[in-house]
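The structure under discussion appears below in the form of structure tokens.
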Amino acid sequence: MQRFASSTRDVPPALAVPRHVAIIMDGNGRWAKKHLLPRFAGHRQGVRTVRTMVRCCLERGIEYLTLFAFSSENWRRPQDEVSLLMQLFVRVLKEEVRKLDRNGVRLRVIGDLTRFEPDLQALIDASEQRTAANSRLVLTIAANYGGRWDILQAVKRMQMEDPGRGDDWDEGDLTPHLAMSYAPEPDLFIRTGGEQRVSNFLLWQLAYSELYFTDVLWPEFDADAFDAALAWYRQRERRFGRTSEQLLGAPPAAPPATDQRADA
Ligand code: IPE
Ligand code: IPE
Ligand code: MG
């Protein structure tokens, strides 16, 4: 398997266009409320934005797009909203996979899929297999995903692989077991809908991602809004622990030899 730079062990390349964009698609319910519609109408409208984002990533040469569709905590929502979301997931998978395939998009789904109905699990499996040879864009949908679940399942699998090893583990032993080990860490994280929190998304992988928050509600997030996020990203200085001077290749400025403050 391909190994990617780990932001805490290596310094990943800082490119003008992010390789990997991860998005918390938030604000569907509030969009629906604003339009006096049921919450579900907001989720349906949100699917349109997903299509727009896939197109944007293909056009801009972004290699990985990861979307948080359903968190491990979203089961706490009213039962009818949960079941409508599941139905929507099934419908969208059935309708969109052919188009994704035609466009060279590889679909992957991460999360604890065992909690889903067997039909949905089979559909996910078939969709992943159908697109497995594609490499223009990897579209990852996080469903029943939680960052803590991911870290724990990785720890368990790591220990299972070598049970007699004791406690001599390091980062490099763990990361191949994370759900997204096939992708570099996200360069850019976007959350729509105004909240400034991570809500148990990719906790491990966001260690050095640039975090962008916008008030725009997910159904209204469009190509211009995405480009604004990309423009903001380009302005960031990704230091990965170093100083600005190091990045510019200049030696750090020496501190003044004496206290030069003028006495009053
Ligand atoms: C995000 O929109 C979609 C899911 C979590 C499935 P929300 O449904 O959280 O929308 P708001 O936050 O209530 O507006
Ligand atoms: C995060 O949104 C999860 C998804 C977008 C799938 P939520 O709307 O569930 O997050 P909180 O509850 O406001 O943190
Ligand atoms: Mg929300």
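The values are calculated or read from the model by the stated rules, or taken from the named source; none is laboratory data. Since the model is a prediction, treat every value here as computed from it, not as a measurement. All Cβ positions, even for glycine, are placed from backbone atoms using ideal geometry, and neighbour counts span all protein chains on display. Just the protein is used for accessible areas: all its heavy atoms, side chains included, with ligands, DNA and RNA removed. Shrake-Rupley method; radii C 1.70, N 1.55, O 1.52, S 1.80 Å.
Does ARG191 satisfy the criteria of being over 13 Å from the mean Cα position of the chain (by Cα) and either basic (Lys, Arg) or open to solvent by 30 Å² or more (accessible area, probe 1.4 Å) (or both)?
So ARG191 fails the test.
What are the residue pairs meeting all of these: first residue in region 8-35, first residue over 17 Å from PRO186 (Cβ atoms) and assigned to a loop (DSSP other than H, G, I, E, B), second residue open to solvent by 80 Å² or more (accessible area, probe 1.4 Å) and within 16 Å of ligand 3 (Cβ to nearest atom), Cβ atoms under 9 Å, and 6 or more apart or on different chains?
Listed by first residue and then by second, the contacts come to GLY27/ASP215.
Does GLU59 fit the bill of being open to solvent by 30 Å² or more (accessible area, probe 1.4 Å), of a type in the set (Asp, Glu), modelled with pLDDT of 95 or more and under 16 Å from the mean Cα position of the chain (by Cα)?
no
Here's a check for you: in region 194-229, which residue that is open to solvent by less than 10 Å² (accessible area, probe 1.4 Å) and in a loop (DSSP other than H, G, I, E, B) is farthest from ligand 1 (Cβ to nearest atom)?
Among them, the one singled out is LEU202.
Conditions: (1) under 22 Å from LEU203 (Cα atoms); (2) of a type outside the set (Gly, Ala, Ser); (3) surrounded by fewer than 21 Cβ atoms within 10 Å (Cβ to Cβ). LEU107 meets all but one. Number of the miss?
It is condition (3) that LEU107 fails.
Is there any pair linking a residue in region 72-84 that is within 25 Å of VAL198 (Cβ to Cβ) and within 15 Å of ligand 3 (Cβ to nearest atom) to one that is small (Gly, Ala, Ser) and open to solvent by less than 40 Å² (accessible area, probe 1.4 Å), with Cβ under 6 Å and at least six apart or on different chains, and which?
Pairs that qualify, where the first residue is within 25 Å of VAL198 (Cβ to Cβ) and within 15 Å of ligand 3 (Cβ to nearest atom) and the partner is small (Gly, Ala, Ser) and open to solvent by less than 40 Å² (accessible area, probe 1.4 Å), are SER72/GLY146.
Which members of region 113-151 meet the condition of being open to solvent by 60 Å² or more (accessible area, probe 1.4 Å) and within 19 Å of the chain's Cα centre (by Cα)?
Selection gives SER135, ARG136, ARG148, TRP149.
Here is a check on your reading of the model: is THR66 within 13 Å of ligand 2 (Cβ to nearest atom), in a helix (DSSP H, G or I) and on the phi < 0 side of the Ramachandran plot?
Considered against the rule, which asks whether it is within 13 Å of ligand 2 (Cβ to nearest atom), in a helix (DSSP H, G or I) and on the phi < 0 side of the Ramachandran plot, THR66 comes out as no.
When region 157-214 is examined, which residues are found to be under 22 Å from MET53 (Cβ atoms), more than 14 Å from ligand 2 (Cβ to nearest atom) and of a type in the set (Gly, Ala, Ser)?
Selection gives ALA179, ALA183, SER209.
Does ALA41 satisfy the criteria of being at pLDDT 95 or above, of a type in the set (Gly, Ala, Ser) and open to solvent by less than 40 Å² (accessible area, probe 1.4 Å)?
Criteria met by ALA41.
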